[in-house]
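Single-structure report; data block below.
The values are calculated or read from the model by the stated rules, or taken from the named source; none is laboratory data. Since the structure is predicted, the reported quantities are computational estimates derived from the model, not experimental observations. Counting neighbours? That spans all protein chains shown, and the Cβs are built from the backbone with ideal geometry, glycine included.
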C-alpha cells in the first residue's frame, strides 16, 4: 500500500464546502509565506493552513541565508561583480548531477529583483562582507561565500562571487527573516489557521485540484480553493519510513534539520493526485567541523589513507562527499600548529602520534600508506602547491609540527546534519508536474516539498532562496489563474 493512499478525495465525495478562498497555501514556512504574500498582493483571497501551533516552520530556526546573485544590490554595494550568466555557470556545475536548467535559469535571471522584493518587504541587510567561510555565526555581516564558488573546480568554471545574503542579526537570523515576512503577510490581509492538517486534496473529474479536506480545531473542514492550492509543507527528514525507502544513507546522519512536521505529507499529497516526485535520494549533508577554519590546513583521508577532496570546500560538499562517496568513513589529519576544537559539535580524536608513522599505526592503516600521502602533500605544500586537489585560499601548508592528530569524521562518531532535497517536480511557475511533464491544474508547490534548484551539491541559502523565489512564482501564477 502506498503512503499516499487516502490522501485524495473525488469532488463527487464533497457535497458542500465549509470555506472558500482563491488561493490556499499548505504550510507556513518561508515558501508558504512568500506564496501567500505574492498571491494576496495580486488581489487574491488567501488562507494558509499550518499544522503547528504558529507560523515559521523549519525556516524560522534556520540560518536565514538566501542564496542570491547575478548582481544584487548588496553585491554591488560591496564591490562584487556578478551576472546571471556567471551565477548560472556555477549553479549548473554545483547543483547536480542532472540539475534542472529551466529552474536554475529562471532563478538566476530573477535573483536581483527577488532580493529587492525581500528587502522591500522588511528584511534588513548590512552592507558588509564576512571574510571567513562559510557562515557568520558571530557577526551581522550581510554577504558571505556560502558555497564553493571560490574553490576548485568551481573557481575555474565561473568567476567567484559571494552569494550568501544574511539578514542583519548576530543570532537568530532565520527568526528575523521569517518574522519580518510573517508581519508583512498579516499587514496585507493573509489569513492563517493553525493546528490545521490537510488530510487530502480534492480533485475534479478533469484532473484539476479544487480544494482540500483538513482536520482543524473546528473539526473536519472542506475548503475550496477557487484558483489553486500551493503545497509548501517541508521535506521528509522526520519520516523514517520514507527515508528508508528513498534516501537510506541520510539515516546515518544524527542531526535532522527540520521540525517533526517535515514528514513528507506535502509530497505524498502531490503524489496522490498524479504528481511526480524526483531525486528523492538527494539531501544536504553538513559536516560541521568548521569553524575553526584553521582545520582546513589539515587533509581529509579515507579509510585507505588516501586524500579525496580539497579541504577548503563548503562543509556541505565535504559532508556529501564523505557520506555518498566514502561510505561515511574519513579522517582529518592535522598537526599541532593548526589544530582547534570545532565550535558547533564535539569531535572524537581517533589517534595521536609524535610522528606520522605512529599516527598511521594508531589508525591501523597499512604500513606506509599515510606516510606516503602526507609526504606527497608536504612536498608540494612547501611550495604552496596542491597538484592533486588544488586547495587554495591560504590553507596549503605542510603538516609538520608534532604531535599529529586525526579527527574522526565518520558518520558513526561525528554529528552530521541533514535534510532532504527531493520532492515534487515543478516548473518555473511552481506548477506541480506529472511524470509526463504535464501540469496538474490548480496545484502548485515550492520549498522542500519540491525538488528545487539543488538536486545535490547544496550551498547555504539555497533552501530559503528557492523556497521564497518559487513560492512567490507559485502564488503569482495561482492568483492569475482562470479555472
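Can you spot a residue in the range 202-210 that is touching a strand residue (DSSP E or B) at 6+ places or on another chain (Cβ under 6 Å), part of a loop (DSSP other than H, G, I, E, B) and surrounded by fewer than 22 Cβ atoms within 10 Å (Cβ to Cβ)? Within the range 202-210, one or more residues are touching a strand residue (DSSP E or B) at 6+ places or on another chain (Cβ under 6 Å), part of a loop (DSSP other than H, G, I, E, B) and surrounded by fewer than 22 Cβ atoms within 10 Å (Cβ to Cβ). Residues being surrounded by 18 or more Cβ atoms within 10 Å (Cβ to Cβ), assigned to a helix (DSSP H, G or I) and not assigned by TED's automatic domain parsing to the domain that holds residue 315 are entirely absent from the range 65-73. Please work out which residue is farthest from residue 336 (Cα to Cα), limiting yourself to the range 351-361 and to residues that are over 37 Å from the mean Cα position of the chain (by Cα) and not in a loop (DSSP other than H, G, I, E, B). Checking each candidate, the answer is 361.
With 423, 457, 430 as the choices, which residue is closer than 30 Å to residue 249 by Cβ, out of contact with any strand residue (DSSP E or B) (no Cβ under 6 Å at 6 or more places or on another chain) and in contact (Cβ under 8 Å) with a residue 60 or more places away in the chain? Before the answer, list the steps.
On the way: 423 fails: out of contact with any strand residue (DSSP E or B) (no Cβ under 6 Å at 6 or more places or on another chain); 430 fails: out of contact with any strand residue (DSSP E or B) (no Cβ under 6 Å at 6 or more places or on another chain).
Of 423, 457, 430, the one residue that is closer than 30 Å to residue 249 by Cβ, out of contact with any strand residue (DSSP E or B) (no Cβ under 6 Å at 6 or more places or on another chain) and in contact (Cβ under 8 Å) with a residue 60 or more places away in the chain is 457.
Evaluate the following for residue 168: is it assigned to a loop (DSSP other than H, G, I, E, B) and under 30 Å from residue 293 (Cβ atoms)? Against the criterion (assigned to a loop (DSSP other than H, G, I, E, B) and under 30 Å from residue 293 (Cβ atoms)), residue 168 qualifies.
Scanning the range 415-436 for residues being assigned to a loop (DSSP other than H, G, I, E, B) and either crowded, with 21+ Cβ neighbours inside 10 Å or out of contact with any helix residue (DSSP H, G or I) (no Cβ under 8 Å at 6 or more places or on another chain) (or both) gives a total of 8. Filtered by the rule that a residue be surrounded by fewer than 21 Cβ atoms within 10 Å (Cβ to Cβ) and within 18 Å of residue 81 (Cα to Cα), the range 127-140 gives 127, 128, 129, 131.
Of all residues in the range 374-414, those being loosely packed, with under 13 Cβ neighbours inside 10 Å and in a loop (DSSP other than H, G, I, E, B) number 6. Looking across the range 6-43, the residues that are surrounded by fewer than 16 Cβ atoms within 10 Å (Cβ to Cβ) and in a strand (DSSP E or B) come down to 10, 20.
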